[in-house]
Amino acid sequence: MSARRRVRLVAGVVGGAVAGLVLAGCSGGDGGPEGTPVVTSYADYPSYSTPQEIVDAADLIVRGTVVGSHVLEDRPEAATTGDPRLNPQAGLDDSDVDEVPGVVVTVSRVRIEQVIKGDAQVGDVVEVAQLGGLYDGVRYVEAETTTLERGADDYVLLLAAHGPGVPYDLLHPVQAMYTADGDDLETVGDDNPVAVDTVQDLDALADE
């Protein structure tokens, strides 16, 4: 299957940083056990032009480790009224609401070791949602996303908040995520024009 379809995320677990999502069909691949089908998506994220810009945009910047995760299908609440130019679900009959596609999301629990910016405490555990995961025997992969891993190195994350009871999400899957070794930071992707080199650099930007 090679057809693509665009999904606009209206609400739910992920929807603040992600404006739209293109699903690019199924294929066999190395997404898990042999024969596991893989669905690759391409999300539409805002990008940032300077380190100061992305730090200023973050509600929470923390260093932490992953202590657990779970995968779910996020089904946004579809609005049946409004302007279809702004909301593709506008004008649907009530009977059509259940046909709005869900989005597979991995929600990781991150124990905070250092707070660089925002309202949190060392030792708090926050939830961070990312697109993708293994769900009902299918591996869902977002092209730019590196999934947080339990037992891996420390992470430094620049996060957007969406209110009580809703997981945070990354401002950008590459620009807002680092692994940390001591004070040194390593970006998770090759193309990060706003990367900084150290935790101290981020700390200084957060104080601006």
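Here, each number is a calculation from the coordinates, and none is a lab measurement. As the structure is a computational prediction, the values presented were derived from the model and not from experiment.
General remarks:
- Averaging Cα coordinates gives a centre for segment 155-206 and one for segment 132-150; these two points are 19 Å apart.
- Full-stretch length increase - E149, D201 - with 0.36 nm per residue and alpha-carbon distance subtracted: 16.3 nm
- Normalised size of segment 110-200, defined as Cα radius of gyration per 2.2 N^0.38 Å with N residues, equals 1.11.
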